[in-house]
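Report on the structure given below.
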Amino acid sequence: MLTQEQIQAYQDEGYLKVEGLFSPEETEELGSEMIRIINEWGQETIGWHGPWRERYLNKEEQQSTKAVFLHNPHFYSSAWGRVLFHEGLTRCVQQLVAPCMQWHHTVLHAKPPTLGTPFPMHQDHPFYPHDGPGFIDCLLHLDDTPIESGCLQVVPGSHLGGPLEHITGAHTAPHLPTDKYHPDFIETVLVPAKAGDMIFFSYNMIHWSDCNRTGDWRKSVRFGFHDARLRPPNKKPEDPYNNIVVAGFKDKPEAA
Ligand SMILES: O=C(O)CCC(=O)C(=O)O
């Protein structure tokens with residue numbers, strides 16, 4: 001159970017780290033299953049594309065970063081299916097957002113050893129817009145993630161301004177314009193973590209992370225959940241918008 005102070009901190013700052021939400025045994029099982037998934041199904045890329053790379057990386061590094069991204073680990077491993085109903089996780093998202101929570105996605109973001117890719121400043125809203133603020137990202141750390149391995153960095157309170165305009169298009173992953181939003185101009189808070197820690201954050205919170213410059217992997221998995229009443233803004237009212245309900249019961253909305 002979260003305390004009232006933790007819930008208030010999430011509401012005020014837009015993020016909350018919960019240490020040891022997953023036990024060492026749970027983290028070890030999920031971590032070793034993930035290594036097997038990466039080895040059998042994973043593919044290394046340079047990470048997100050886009051003009052932002054010129055502002056975050058030197059010329060040589062722009063082409064030599066490494067990343068392994070993988071959606072839906074539950075397609076390969078039942079442990080990654082069961083975890084959607086993890087009691088500690090579902091209780092936290094209920095307390096932080098709403099009594100009935102719907103799963104949206106699970107995605108691995110792994111930064112391999114030298115040189116794991118950075119992520120530019122962005123909100124997650126443009127990746128999966130919904131019609132309200134009740135969307136929470138949950139970053140489960142599978143490895144110890146010190147500052148040098150490219151831990152998450154956040155702009156506390158930035159979620160309160162709502163969705164911002166991002167640079168988008170086929171040539172780039174959505175990111176905030178680098179002439180205004182860049183670590184050179186915007187102060188951010190480092191959130192290093194240990195394996196088993198979870199960082200909860202609003203999809204409207206501005207965040208980024210630097211390269212992994214250590215000799216170790218930095219693997220984390222982001223779960224996205226939202227208040228089951230939320231919908232993508234351009235969905236027709238008559239079209240259902242359902243997915244796995246991980247906590248609570250989804251009431252039928254009243255006809256408009
Ligand atoms: O894992 C990270 O460091 C950041 C990933 C990210 O930007 C995200 O989950 O939206």
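What follows draws every value from the coordinates through simple rules; no lab data is involved. Computed from a predicted structure; not experimentally measured. Counting neighbours? That spans all protein chains shown, and the Cβs are built from the backbone with ideal geometry, glycine included.
Here is how the numbers come out for the structure above:
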{"quantity": "Highest-first arrangement of 139-147, 82-90, where packing means the average Cβ count within 10 Å", "calculated": "139-147, 82-90"}
{"quantity": "P(r), alpha carbons of segment 107-256 - 5 Å bins starting at zero, rounded %", "calculated": "2, 9, 16, 20, 18, 16, 10, 6, 3, 1, 0, 0"}
{"quantity": "Karplus (6.51, -1.76, 1.60) ³J(HN,Hα), θ = phi - 60°, over segment 110-121, in Hz, Gly and Pro reported as x", "calculated": "10, 9, x, x, 2, 10, x, 4, x, 10, x, 4"}
{"quantity": "Mean shadow area of segment 1-130 over all directions, Cα convex hull, nm²", "calculated": "9.8"}
{"quantity": "Cβ charges +1 (Lys, Arg) and -1 (Asp, Glu), total dipole of segment 33-118, debye", "calculated": "140"}
{"quantity": "Gaussian network model of the chain, springs between alpha carbon atoms under 10 Å - residue of PRO51, PRO118, PRO237 with greatest fluctuation", "calculated": "PRO237"}
{"quantity": "Anchor LYS236: lysines whose Cα lies under 26 Å away (excluding residues fewer than 8 positions away in-chain)", "calculated": "LYS250, LYS252"}
{"quantity": "Ordering of 62-68, 179-185, 41-47 by burial proxy (mean other Cβ atoms within 10 Å per residue, highest first)", "calculated": "62-68, 41-47, 179-185"}
{"quantity": "The chain, Cα convex hull volume normalised per residue, Å³", "calculated": "134"}
{"quantity": "Alpha-carbon centroids, segment 47-94 and segment 148-202: separation in whole Å", "calculated": "14"}
{"quantity": "For segment 104-182, radius of gyration divided by Kirkwood radius, i.e. Rg to Rh on alpha-carbons", "calculated": "0.95"}
{"quantity": "Net dipole in debye of the chain [+1 Lys, Arg Cβ; -1 Asp, Glu Cβ; about Cα centre; nearest 20]", "calculated": "540"}
{"quantity": "Positive-end residue of HIS207, LEU190, PRO163, charge dipole of segment 130-247 with Cβ unit charges", "calculated": "PRO163"}
{"quantity": "Estimated distance in nm for a label pair at ASN39 and ASN72, the labels positioned 7 Å out from Cα along Cα-to-Cβ", "calculated": "2.4"}
{"quantity": "Translational diffusion coefficient (Stokes-Einstein; Kirkwood radius from C-alpha pairs) of segment 1-58 at 20 °C, 1.002 mPa s, in µm²/s", "calculated": "138"}
